[in-house]
Amino acid sequence: MPKQYRQACPVAKSVELLGERWTLLVVRDLLSGPRRFGDLQESLHGIAPNVLSARLQTLEKHGVVTRRFYSEHPPRAEYVLTERGRELGVVVGALAVWGSRHLHRQRALVHVECHTPLEVGYFCPHCHGRVRGSAVKLDRANPRRSPRPPDAPRG
């Protein structure tokens, strides 16, 4: 059963869903495209089948993963990230950048074109620019604030 923090905080809520062992690694492997159960089990060395099944079910229940059947008899499925799940690519990428900088320097997330290690930062769609970490805070969402600048075209 996932850890429940009972905090009104988006970080705590995200960790409640994604913080169990293996969950982000399942997402990491699905970022490269659809995978079958056996493929995931093979790439996630040491994961028990019941644990993988439970993680996939939880991710499916929360709209992060969808299951697509490619055979009816016998029923066989592949797993694919939904749009919500693909958004986690930024999270997994941020962990990769941090981990390569501080824990596992043998590998790094790099720009394909120039092979330069990447950095992660904040971007404000309203101001059209990068934002320093010191200028960021966790606050209540303001539904009246448009996520796009007033002069941006709609649609």
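Here, each number is a calculation from the coordinates, and none is a lab measurement. None of the values given here were measured: they were computed from a predicted structure. In this analysis, Cβ positions are derived from the backbone assuming ideal geometry, glycine residues included, and neighbour counts consider all displayed protein chains.
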**Item:** Gain on full stretching of the segment that runs from ALA48 to HIS62 - 0.36 nm per residue minus C-alpha separation
**Value:** 2.9 nm
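So, with +1 on the Cβ of K and R and -1 on the Cβ of D and E, and no other charges, what is the size of the charge dipole of the chain about its Cα centre, to the nearest 20 debye?
Its charge dipole is roughly 560 debye.
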**Request:** Could you list the residues of the range 76-120 with an amide nitrogen less than 18 Å from a label point located 7 Å from the Cα of ARG132 in the Cα-to-C-beta direction?
**Result:** 120
**Prompt:** If you count, for each residue, the other Cβ atoms within 10 Å and average over each peptide, how do 105-114, 73-82 line up from highest to lowest?
**Reply:** 73-82, 105-114
**Message:** Let me make sure I get this right: for the chain, a, b and c are the square roots of the gyration tensor eigenvalues over alpha carbons, sorted descending. Under 1.5 in a/c it's rounded, otherwise prolate if a/b > b/c, else oblate. Which is it?
**Reply:** prolate
**Complete:** If one compares the long axis through the Cα atoms of helix 88-102 with the longest principal axis of the Cα atoms of the chain, the angle in degrees, nearest 10, works out at 80
**Request:** Search the structure for amide H atoms under 5 Å from the amide H of THR82, placed 1.01 Å from N in the peptide plane, and list their residues when 5 or more places away or on another chain.
**Result:** VAL65, THR66
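Under a point-charge model restricted to the Cβ atoms of Lys and Arg (+1) and Asp and Glu (-1), what is the dipole moment magnitude of the range 1-52 relative to its Cα centre, in debye to the nearest 20? Don't jump to the answer; show the numbers that get you there.
On the way: 7 positive and 5 negative charges, 40 e Å.
My answer is approximately 200 debye.
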**Prompt:** If you place +1 on the Cβ of every Lys and Arg and -1 on the Cβ of every Asp and Glu, how big does the dipole about the Cα centre of the range 10-86 come out, in debye to the nearest 20?
**Reply:** 120
